[in-house]
Each structure stands twice: as C-alpha cells, then as structure tokens.
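Q: Starting off with a structure, shown below.
Values quoted throughout were computed directly from the atomic coordinates according to the rules given, and no laboratory measurement underlies them. As the structure is a prediction and not an experimental result, all values here were calculated from the model. Cβ placement follows ideal geometry from the backbone for every residue including glycine, while neighbour counts extend to all protein chains displayed.
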Amino acid sequence: MNVTTHPSEGIGASVRRREDLRFLSGRGQYTDDLNRPGQLHAWILRSPYAHARIDGIDTAAAAAMPGVQAVYTAADIEAAGLGGIPCGWQVTGKGGQVMAEPMHPVLASGKVRHVGDPVAVVVAETRNQARDAAEAIAVSYTPLPALSTMAAALAPGAPLLHDDAPGNVCFDWEIGDAAATDAAFATAHKVVRFETTNNRLVPNAMEPRAAIGDYDPHSGEHTLYTTSQNPHVIRLLMGAFVLKVPEHRLRVVAPDVGGGFGSKIYHYAEEAIVTWSAAQLKRPVKWTCERSEAFLSDAHGRDHVTTAELALDREGKFLGLRVSTLANMGAYLSTFAPAVPTYLSATLLAGVYTTPAIHGQVKAVFTSTVPVDAYRGAGRPETTYLLERLVDVAAREMGMDRIEIRRKNFIRPDQFPYQTPVALQYDSGDYEATLREALRGADYAGFEARRAEAKARGRLRGIGVSTYLEACGIAPSKLVGQLGARAGLYEVANIRVHPTGSVSVFTGTHSHGQGHETTFAQLVSEQLGVPLSQVEIVHGDTGKIPFGMGTYGSRSLAVGGSAMVKAMDKIIAKGRKIAAHLLEASVEDIEFSNGQFRVAGTDRAKAFAEISMAAYVPHNYPIEEIEPGLEETAFYDPKNFTYPGGCHICEVEIDPETGEVAVVAFTACDDVGRVINPMIVEGQIQGGLAQGIGQALIENTVYDAEGQLLSASFNDYAMPRATQIPSFGVSTSTTLCTHNPLGVKGCGEVGAIGSPPAVINAVVDALRDYGVTHVEMPATPLKIWSIIHAKDGAALPAAAE
Amino acid sequence: MYDFAYHKPSSLADAVKLLAEDPDAKPISGGMTLLPALKHRLNMPTALIDLSGIAELRGIKREGDAIVIGAMVKHFEVATDPQIMAAIPALARMAATIGDTQVRNRGTIGGSLANNDPAADYPAAALALGATLITDRRQIPADDFFVGMFTTAMEPGELLIGVSFPIPEKAGYAKLRNPASRYSMTGVFVAKGPKGVGVGVNGAASCAFRQKEMEAALAANWSPEAVANIRQPANDLNSDIHGSAEYRANLVTVMAKRAVADAG
C-alpha cells in the first residue's frame, strides 16, 4: 500500500464517523421516515396459536370497514401464482440425504406453525384503519399440539409440523472423521463430558423492520424500500422466487438502517407482501413492524442443545473431540438457517487448539417457534461457548490450571497455515500473543488479592478466560457452493472518479451502523491519495450499485474492501497510461504515490485530478489505445475465510444474597488483522461484548408448553443496559490475513463470539466454593441464587469463613 | 390505539364532573402505564380526561408533621424537592430509582398510587410511612387504600388529588429490579415514626403489603440483624420467569435488612 498524503485520514487513523452527524441529529433517513405519495398502510394479522389448522377465514366484515382497500389471504397469494419464501442454503446430511425443505408460504396456508405466523393482510388508507379491520377478520382454527421445544418435536409419535419433514427433522449431518475420533478416545487418559444449551436470543435491532412497496404502472417497475443488510440478495430472492419479477423491473432500496445483527439479512414475507400488494392496488403500501410484533416475526438466534466429549492424554493434550448438537430451525427455514449450526459452527470445533481428531454431528429440528437464523456471530458463538466452557471443565477435572491447559494445546504461530480436522485451514494467528496481552491488561496475576478483598465485602469474585477464534469474511464462492450455498459470496466495488478527481464508490456491502462511510473512505483516501472529503460511499440501492452480496459475517472490509482495492488498482493502472502519455514517458516508468503520477526518479508528475480531468476531456489523450473516462468495477471472491481471534477475560462479582452477577472488569485483546480505523474497531468490539454479556447474564427467549412466547416484550426480555456494562479494556494485537490485499480479518462479531464463555467461566469460578461445575446461560439472579441456596441449604450463605 | 375523546379540564370540579358523566372515561396523568396499554389496544376508554391542566393537583408542601404531595407531582420532582429531601430523604431516593429519566419526567406519584401496580415503588412507602391518600371526596389510610392487584379502595369516578406522608424519624428503601422491566422484583421500605415502625413490601405479591413480623422486630431492635432471620412465607408470593416465590421471599428479608441499613 502507498503511504497516505493525509496521515490523519488514511489507514490507521481514528477518523470520526462521518455518518454520525445525521444519525445523532435525527436527520437519518430510515425506511419508516420515507413516505410515498398516495401511500396505503398494511397491517398483518398473525396467528395466536403455535400450531393449528386453519378451517376458514372470513374477511367480509373487514373488507367493508372504513378505508380498507384490500384484504389478502393465502388464497389470493396462491391465485396470483406467487412462490414461497426461499431458503438460500441446502445442507446435505448423512448418506447424501438432502435436507427437508418444506414450503414457507408468504401467508399461512392450511396451517399456522408458530405464534406470529402471518395469516392475512389488510391494506387501508391509514394504519389504524388497517389494524381495526384486521381485528374484524374471523379465522377459525383447530388447535394442534404445539412443538415448543426440540425435545417435544423429536419425541416418538410427535405430530408433524410439515408433512414433508418426517420426524420434524430438517437434516442429520456430520463432519470430521468418526473412526479416527473413536480411535483417539480409545487411547484417552481421561474423557470429559459436557452438555449445554446455547440460549435462544431475540436480536432486537434498535430500528424495527419496515417495508414500503411502490409500483409504477407506466414502466411496470416495482420498488421496495426495506430495512435490509443486503438489497441485491432481497431483489434476487424475492424477484426470482416469490414475485417472479425480473431484476430490471425490481429495485430494492435499503436506506439508513438502524442495526441488523443478522436479523435483517433474510428475505421476509412482509417485503413480498407490500411489493405485491402495491402492484395490485397501484398505490404504495407501507408496513412498519411494532416492537412486540418484532419479537414474533424477526428471526431469532442461537438455540443449540449440545453434548460434547473431550479426550485428553495424561498431560492434558487434547486427543479427540466428539460433539452432537440439536439445532432449532423454528417453524420454517429462514434464508441462512441451515448453514448456521453446520458450516458456520461445526467447522470451528478445533478452535485455537491442535485437537487431531474431531467428529461433529448436527440434527436440525423444526419446532412451532419463530424461525431461527444467524444472529451476530451466527454459529461461531455457539461453538466458542461450547469449547471454552469445555476446556475449563476439562482443566478442573484434570486438576490443571485453566491457562496452562490452553497453552499446552494452542496452535503455535509456526504451524500456520494450519489444517484442522473439520475442513477449515487457518492462515494466520498468534493465540499466545493475545492471551499474554489480555492477561497483562486484566492483571490476571493480581486476581487472588481482588478475590480476597471482595470476599471481605461479602462478594464472590471470579475470573474467566476465553481464547477463541472465528471464521468470517465470508466466503469463497466455490467452497460455499460445494457446501450447499445457493449463491456466491464475492463482493463488488465500482469506483467512479469524477472529472475533478472526487470519487464515488458504489459498494455491494451495506452499512447499518458499522461506519462504512468512514472506513471505506479512509481506504480510498489512502490508496488514491484523495482527501477524505472528496470521497463518497454509496450503498443500499440496487438502482445504483452493482450486484453485491451485502453485509454479514464480518465480511464488508475483508471482501468488500478487497474489491475496492482491486477496482482502485485498475484506476491506477489506467491513470498510469494517461500519465505516461501526458508526461511523454513509458508506462513502466510511471509511479503512483501520494496522489501523484510521477516519472520515476524525476520531479515530472501529474496530480490525480489532472489525470481524471484528462480522462474526461480527452483532447491530449491516447484515444487510440484507451477509452475515455475513469471508472472501474471489480469483483473480489475471497480465497479463504478470515480467522480473527483473541482472548477475552471477564471478572464478575456475585452478591450471594440476591444472586446478582456484576461484570466488574472486562479485558479483550483481539486480532482482527490490519486495523483501518481503531476507534470504529473498538466501538464494534465494545458493542459485541455488550451483546455477549447480555447473552451470558440476562437475555433469554422463553416459550411455554403451548408455544406462547413468554418473553415477548422488553417487559420480560432483558436487554443489557449501560449500568450493567463495565468500562472495557479493549486492545488489538495484529497478525495479517495472508490472502486478502488489505491483511484485514473482520471485527464485527468477535466481541459477541469470544465473550459469553469468559463471563460464564468467571461466574463458575466465583462459585467454586459451592462445588459448581457449570451454570447455563443466562446466569440470572434467580438462577445464581437458586444454585447457592441449593448448595447451602440456607438462603443466606456465610460471606466469609 | 382506538379512537377516544380527549378532555383537558382546568379544575378538579370539571374533571370530576367529566368522569361522573361518562363511566367509560379514564383520567390520565403521566400516562406511563396507560399509554402503552392504549397502544397495545388493551384498553378502550371512550374519553381520556387529562389531569395535567389542574393546578390543585400540583405542589409539594409541608403541613405540620407531614409532607403533602399533589397527585400530579412527577417522580423527578419528588426525587429533587428540597422539602422532601430534608424531611423524608428515603422517599426522594426511592423516586430517583423509578423507571428512567424520561419516565421520571412524565410519571406522577398520583398515577402510580392510583394504578397500584404490584411492582410499583410508592405503595410500599405509603404503607410503611402510614400515609393518607386524599381524594376528591375523602381521606383514605394507606392500609385501606391498596386492595389488590391494580385495585384500590377508590370508587369509580373518584379522583386521587394527593397524598400526605407523616414525617418519620428515619426511613430507608432497598429493592432488586426485575432484570427485564426494571420494575421492582421485590422492594422493602422501612420507617420509624410517630405511629411506630412500618415495613412496606412491593413487587413480591399481588399487592404491596406490610410485613408485621418485621415491624415488631424492628420496634424492639432497630437494626438489620433484627430482620435478618425473619422469613416471609412464600405461599402467596408471585412466581414468574424472573423470580420464584421462594426467591422473592428471600428478597423480602434481604431487602428489609438493606433498607434498615439505608435508613441508618
């Protein structure tokens, strides 16, 4: 890379986020802020039952109500020939058995399969009229037994949620070498067994989902404004599979989006409903999700039930790992759902360790609950939690130090590239370096003094460590195609240099809080030597940007940024030809740095803006040789996943009288590869840590036996608050990614991936005197108090001996 | 929400008259409970009678050995009023823990007392301090006022206009918040005053209540140790996904101890 002419704006500078002025001053333009002329409003009637047969729907009274323009049910959708909501990934299980992929209708057809399943849509002049009319729709249901849990769905004789998913199983899949793993266990000195449930979470982005369908009867063009992380993916899925509208007649715009965390990747029925109904009614149709509706309709995350066995030799070296997971898919397959417990989770079972033999199995199960899909980390938090808890349990059973057992099994820096037994090949990392830095930052050595001091105050203090890695920067298209992805996972950038040298970047990634408008501009400023103020980042509109795959899996910089680098390389290559002509030198002699095209070894140079002007005013120009203009597009398909990792250390204090757990210190040292904007990276890590602490301590999704969601609002679903979050000690320690041009790995998910086991390891450590070996997430006050109470036989344990 | 008529009377008499004329009308003060219920369509009043324009419902004053607080006084005002902070600092501290900044600047003491949410803070203070609830037609001792979950002794159309708290010798409050809603999972307000010792409990049961065994123990020995071994029976306590009845019973003891320590 070139050295920037603007050191305060290029790679490595903590440039303030350019987008924040509009966000913080209320001038962001979110989907619900948009209103189209003549706009109608949709209200969706949702199922109150977890599982029921629909015997009939009477919409006559609703249709006659004031302001109502239309009432639609499955019959209308089917008559119009619309397709179902597609799934983007097809997993092939044991014995070549392709996954069960039941129809996911836009509106429930014949049956409802979870509380919140859309049953009918009312479109009216006002939102209140639509809602009034929805209450007048009479649906007669015959309730069927709910399948609230995977255990209920897998029970012998359980009723089928979908007729074409026998046993309520979606797939039964495996990875690794079962025979080699059995052989490793046969030689083991000790086998440690561990079972855990990774708690189900509701994403709860700050901005609820919204969608506006618009239709131009003259051009036949449909437009969908939607809260999406990937507008082109929505256009492809909805256009090709649901509405059967070709790309040139369908524009999808994802304007400012207020957080996604995965939940806005997927194509949702509401998007198809507003787009289709707008065309039926020849008027725009808007739908905005209520917060309580979001709990019942946004894809949930996690919900894995796992059993693991770790085989160790006498010295504590890991010999083999056996893992069996039940993964909840919910009622229907959401866009990425089958990939989450398999290719995004089980492929990480080696973690940062040299375990030579691994066998993983995943059985995916349909239940009468909201569909489950990727949520910040997507499969990687589940595996990281499993491994980092398992390692602590193993250390205890072996009588070993928790740090020592990790060090003994780390993949060493000289072992990269490292081929794991579960498909992935890690390119780089230094787990000892991040561990050492985190131990230092956390004053790990001084912990016992702090534990003693807390004990004198009647508090139980514990410390927990997590050494983790993850796989992101998704993903090599050929590889994911072999694994069942129905799309490529490259990214695109179009760089348009304007005549005066200002630059517009059209990227297929999407920013919904990550700060791309700043980070990407820094990248361009660095490489082209253009001031930050001259760079514009454009995203989120299929009418403007080339076909790209969007933002998820910490891929935007590693994949999208790499596409930008490639496109800028083309810009520079063309610029050198123009400069060679103007400077009467050979192309080979033209160097580009600091925004100057220079004849090597001379002071003869042309500024970047002179070259761009020449490209658009080609009077003195090699017109026979090259075309006018200065605009280039590049697609980048990654060669491998990227592998960020690091060490998280959490310290908690437990109030034994109430069971409350307070996170009193948290230190993270992460290797995210090259850092473009340290402030933004720190913000991303802090946000991820807050979500990880939320999962570990308070967040939980609870269904009752009838399939009703008990934690269906913020009254009962606990979100982490500022008062529960410590002042983090966040740092980075860098090894470069070896296979992308920037050396970047991704930072969006590491906080949420690495932190939950650090928190629970600390909680278990704090309770060590009570003989506690495990605490399931979330470690709520009730749960902790119950553990202490049960161990003590008294409500109020002695705080000190 | 469903449509409703909206009235904003400027006198107590007008408000009472509007309520008398329409049995399906509802008074609204800060709306911190009622507005979410309306938005969720859980409630369908014909009219809302907005009490915010009535001067008689405002103001905080000292009357002899009592602090009298108007029904429309906001939590923020209770938390920061110099007279309350001087006379019943525990009440001010309690008010400072209600909801968040936005809620404290909208929600009112009268709205909270009249709503009688089992997990609201004030009813425990009213019981412990031996407060008197003042309505448009009578005065009701706190012991008689809080009848059951979301239920008070007030008649339909009766309007709470204020509350009188006897100034205690000392008082303290401690609570554990529900991890999700941040309402009280269990809170205990203790007071030692002219009428004796009061221990009010919120969040634990279907309605705030007095813990009389603790009152007797504290009357004999005002110290955290006096209540440390008193067990609240779990039988009638609330149980939900956040806290079992046994857990709440434990919290009654723990919070009582901490409230006494808070009182000093």
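Q: Please compute, for peptide A:697-708, the average count of beta-carbon atoms on other protein chains lying within 10 Å of each residue's beta-carbon.
A: Partner Cβ neighbours, averaged per residue: 1.
Q: A further question on this structure: According to a simple spin-label model (label point 7 Å from Cα along Cα-to-Cβ), what is the distance in nm between A:Glu78 and A:Asp637?
A: 4.1
Q: What list of ³J(HN,Hα) couplings, whole Hz, do you get for the stretch A:129-138 from phi and the Karplus terms 6.51, -1.76, 1.60, once you set θ to phi - 60° and write x for glycine and proline?
A: Going residue by residue, I get 5, 5, 5, 4, 5, 4, 5, 8, 6, 9 Hz, with x marking Gly and Pro.
Q: Evaluate the charge dipole of the protein assembly as shown about its Cα centre and quote only its size in Debye, nearest 20, assuming +1 on the Cβ of each Lys and Arg and -1 on the Cβ of each Asp and Glu.
A: Dipole about the Cα centre, nearest 20: 880 debye.
Q: Rounded to the nearest 0.05, what FRET efficiency do A:Thr187 and A:His774 give with R0 = 25 Å and r taken as the Cβ-Cβ distance? Could you check?
A: Computed FRET efficiency for A:Thr187 and A:His774 comes out at 0.40.
Q: From a point 7 Å beyond the Cα of A:Val702 in the direction of its Cβ, which residues of the stretch B:238-263 have a backbone N at a distance under 14 Å?
A: B:238-248
Q: Over all alpha-carbon pairs of the stretch A:290-419, lay out the pair-distance distribution in 10 Å bins, whole %, shortest bin first.
A: Result, from short to long distances: 12, 38, 28, 15, 6, 0 percent.
Q: How do A:Arg461, A:Arg380, A:Arg450 line up, fewest other C-beta atoms within 10 Å first?
A: By the 10 Å Cβ count, ascending: A:Arg450, A:Arg461, A:Arg380.
Q: Reachable lysines from A:Lys455, Cα under 23 Å, same-chain residues fewer than 8 places away excluded?
A: Of all the lysines, those that pass the test against A:Lys455 - Cα under 23 Å, at least 8 places apart if same chain - are A:Lys783, A:Lys791, B:Lys175, B:Lys257.
Q: Another one. Find how many whole Å separate the alpha carbon centroid of the stretch A:277-319 from the alpha carbon centroid of the stretch A:353-412.
A: Centre-to-centre distance over Cα atoms comes out at 19 Å.
Q: Going by C-beta contacts inside 10 Å, put A:Val192, A:Val664 in order with the fewest on the left.
A: Neighbour counts put them in this order, fewest first: A:Val664, A:Val192.
Q: Per 5 Å bin, what percent of the C-alpha pairs of the stretch B:170-263 does each bin hold, from zero upward?
A: For the stretch B:170-263, the binned pair fractions read 3, 16, 28, 25, 16, 8, 3, 1 percent.
Q: Can you count the Lys pairs in the stretch B:7-94 whose Cα atoms are under 26 Å apart, with each pair 8 or more apart or on different chains?
A: 11
Q: So how long is each side of the stretch A:596-726 along the principal axes, counting just the alpha-carbon atoms, biggest first, in Å?
A: For the stretch A:596-726, the Cα extents along the three principal axes come out at 82, 40, 29 Å.
Q: Over the Cα atoms of the stretch B:57-166, compute the convex hull volume and normalise it per residue, giving Å³.
A: Normalising the Cα hull of the stretch B:57-166 by residue number yields 90 Å³.
Q: For chain B, what is one quarter of the convex hull surface built on the Cα atoms, given in nm²?
A: 13.2
Q: How big is the antiparallel share of DSSP beta bridges in the protein assembly as shown, given as a percent to the nearest 5?
A: So the antiparallel bridges amount to about 80 percent of the total.
Q: What number, in nm² with one decimal, is the all-direction average of the projected area of the convex hull of the alpha-carbon atoms of the protein assembly as shown?
A: Its average projected convex-hull area is 47.4 nm².
Q: Once you place label points 7 Å from the Cα toward the Cβ at A:Gln596 and A:Arg27, how far apart are they in nm?
A: 3.7
Q: Based on the Kirkwood radius over alpha-carbon pairs, what is the Stokes-Einstein translational diffusion coefficient of the stretch A:56-121 at 10 °C with 1.306 mPa s viscosity, in µm²/s?
A: In µm²/s, the coefficient rounds to 111.
Q: If you don't mind, another one. Would you work out which of A:His232, A:Val503, A:Thr335 lies farthest towards the positive end of the dipole of the protein assembly as shown? Charges go on Cβ: Lys and Arg +1, Asp and Glu -1.
A: So the residue we want is A:Val503.
Q: Towards the positive end of the charge dipole of the stretch B:57-166, with charges on Cβ (+1 Lys, Arg; -1 Asp, Glu), say which of B:Ala153, B:Pro82, B:Ala71 has the farthest Cα.
A: Of B:Ala153, B:Pro82, B:Ala71, it is B:Pro82.
Q: Is there a simple number for the mean count of other chain Cβ atoms within 10 Å of the Cβ of residues in A:649-662, and what is it?
A: 2
Q: Hey, quick one: spin label on B:Met44, modelled 7 Å out along Cα-Cβ, who in the stretch B:10-29 has an amide N within reach, i.e. under 17 Å?
A: It comes to B:23-26, nothing else.
Q: Step through the residues of the stretch B:197-202 one at a time and calculate ³J(HN,Hα) from phi using the Karplus curve (6.51 cos²θ - 1.76 cosθ + 1.60, θ = phi - 60°), rounding each to whole Hz and writing x for Gly and Pro.
A: Karplus values, whole Hz, x for Gly and Pro: 9, x, 10, x, 10, 10.
Q: Show the residues, 5+ positions off or on another chain, whose built amide H is closer than 5 Å to the amide H of A:Ala70.
A: Correct list: A:Val123.
Q: Any lysines with Cα under 22 Å of the A:Lys94 Cα? List them, leaving off those in the same chain fewer than 8 positions away.
A: Straight-line reach from A:Lys94, under 22 Å: A:Lys363, A:Lys478.
Q: Starting with the fewest neighbours, write out A:Leu144, A:Leu236 ranked by other beta-carbon atoms found within 10 Å of each beta-carbon.
A: Arranged by neighbour count, lowest to highest, A:Leu144, A:Leu236 become A:Leu144, A:Leu236.
Q: Enumerate the lysines that A:Lys244 could reach by cross-link, defined here as Cα to Cα under 20 Å, with residues fewer than 8 away along the same chain left out.
A: A:Lys282
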